[in-house]
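Report on the structure given below.
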Amino acid sequence: MKKIAYVIPVFPIASETFITTEMKALMSCGHEVQGICFERSKEVCQAGDEGIEEVMLDIRKVKLISLSTLIYKVIFNFYKSGWRAIKFAFLQQGIRPRSLLLQGLKLAYLTHKTGCEHIHAHFALCSTATAIVAARLLGLSASFTSHGSDVYKSPSDLALKLQNADFSVAVCKRMQIDFNNFTPKAQVYTVPCGIDLDYFHPDAGISDGIKNNNLKSDKKLLYLGRISETKGILHLIQALAKLPESLRPSIDIAGDGPMRVESEQMVNDFGIEKSVTFLGAVNRSWVQKNCRDYAAMVLPFCKVEGGIMDTGPLVIKEALGLKLPLLTTDIMATGEFVDSNCAFISKSSDPEDLARTLLKLLVALNYIVLDVDDLKRLAIDLGPKALEISRIIQHPEPYKIIEDKIEQGYQKVTSRFSSRQQALVLSEIFNNVVLNNDL
């Protein structure tokens, strides 16, 4: 098993536990994994990541005098691959070439010192550029994983990095297709991020409560994630405001982000403060401990200007793994991660349809009782499609709708999206990588 250097921009970051989950899963497969970061944040590392934090190396702490120990190694590899590091550094435009070469030398020093045989970076930004330079200086292979923002929001020399890496990892099929369109000859694998099923395990009490009609009606709905544009938070608030107060659910917003102030103001403007509570940022331990206290999770993802959207968000998989009833939007319901068989699906960026879908969820949860006359009145504000809720009302056992979705979602995540399966796929790729000489 190869020892792998994992290059991370900043550590620790609460919203990027998918990286440490991946690292730990690879370790369980027999790989030695050495974390190397460009910056140490002041955040407290997540529970379970203490071992990674203890051995995490910081590139900034490498002294220039230490680089002298690499002279013979770099000279020896120059005609094999070292010249490619220099060529790449001057072709890319994201970092000044001399700065990139210096950072590459520091990463090469740490990689060589710790005996790593492959360098893998997360995010196709400066971390990947540095990994490519360091690997070529040492005559090693290099790869990277992209996660969405580095592809669709703020890409940097992406085609060049795809061409120069030995392979890249896309976290969803859409990204793999886009990568192949950017650089047809690039070696690209689709490996979705997985969740630790030993950590995110289900609570049978949720489905049993629905079935026996004794799920406490004071249980709230949960929005979990960053408060940002692609998460659809504003659409959710607008949808809640469209519902009559007597039917409006209470929802906790667990997360923080750039749109929190705007979201709080919108809640106040609509006068629905009693229904919406902002909890602020939460960590992985909070999710594991508290999610089972909620009736369902609502994740109204949307696509924003420029086609930017989330790519296979882990929170969906966590909800499925916890056996939480789930409501999300059609841009996620492609079948790759989730579909209508395992979640209630609303049209993205459509508050009116989201309001209708919320009512479907609430009826199936036995939270509210509606009849045909109620639906006719609701159709005045929510459109004629509100009448479609009658299918759930007329269902002889509404709880079965949610029960079936929960079970199918759980089977999907356990069969395809565990961190163990992700690591097994990556392990095979790492062990079989061949140095890319296609330049």
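On inspection, residue 130 qualifies as crowded, with 20+ Cβ neighbours inside 10 Å and part of a helix (DSSP H, G or I).
For the condition surrounded by fewer than 21 Cβ atoms within 10 Å (Cβ to Cβ) and of a type in the set (Val, Ile, Thr), residue 190 qualifies.
Candidates are the residues of region 224-249 that are more than 23 Å from the chain's Cα centre (by Cα) and within 29 Å of residue 312 (Cβ to Cβ); the one that is surrounded by the most Cβ atoms within 10 Å (Cβ to Cβ) is 239. When residue 326 is tested against (1) more than 25 Å from residue 416 (Cβ to Cβ); (2) buried (at least 21 other Cβ atoms within 10 Å of the Cβ), only condition (1) is not met. Name the single residue that is nearest to the chain's Cα centre (by Cα) among those in region 368-424 being acidic (Asp, Glu) and in a helix (DSSP H, G or I). Among those residues, the one meeting the criterion is 407. Per the conditions (1) part of a loop (DSSP other than H, G, I, E, B); (2) touching a Phe, Trp or Tyr at 6+ places or on another chain (Cβ under 8 Å), the sole criterion not satisfied by residue 144 is (1). Selection of region 71-102 for residues being farther than 13 Å from residue 135 by Cβ and either in contact (Cβ under 8 Å) with a residue 60 or more places away in the chain or aromatic (Phe, Trp, Tyr) (or both) yields 72, 76, 78, 79, 83, 87, 90, 91, 92, 93, 94.
Working carefully through the options 306, 312, find the one that is assigned to a helix (DSSP H, G or I), small (Gly, Ala, Ser) and in contact (Cβ under 8 Å) with a residue 12 or more places away in the chain. It is 306. The lone criterion from (1) of a type in the set (Val, Ile, Thr); (2) closer than 23 Å to residue 231 by Cβ; (3) under 21 Å from the mean Cα position of the chain (by Cα) left unmet by residue 357 is number (3).
The rows are residues; the columns are (1) outside the structural domain of residue 17 (by TED's automatic domain parsing); (2) exposed (fewer than 14 other Cβ atoms within 10 Å of the Cβ).
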residue: 391; (1), (2): yes, yes
residue: 395; (1), (2): yes, yes
residue: 409; (1), (2): yes, no
residue: 426; (1), (2): no, no
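Residue selection: residue 402 fails the criterion of being without any contact (Cβ under 8 Å) to a residue 24 or more places away in the chain and of a type outside the set (Lys, Arg).
In summary, helices (runs of 4 or more DSSP H) completely within region 169-283 and bearing 1 or more residues that are in contact with a Ser or Thr (Cβ under 9 Å, 6 or more places away or on another chain), within 21 Å of residue 345 (Cβ to Cβ) and at pLDDT 95 or above occur at 233-242.
Residue count for region 271-312 satisfying the condition of being over 19 Å from residue 337 (Cβ atoms) and buried (at least 21 other Cβ atoms within 10 Å of the Cβ): 3. Restricting region 325-342 to residues that are in contact with a Pro (Cβ under 8 Å, 6 or more places away or on another chain) and either assigned to a strand (DSSP E or B) or modelled with pLDDT of 95 or more (or both), the residue that is farthest from residue 290 (Cα to Cα) is 329.
The values are calculated or read from the model by the stated rules, or taken from the named source; none is laboratory data. Not measured: the values here are computed from a predicted model. Virtual Cβ from ideal backbone geometry, glycine too; neighbours counted across all protein chains shown.
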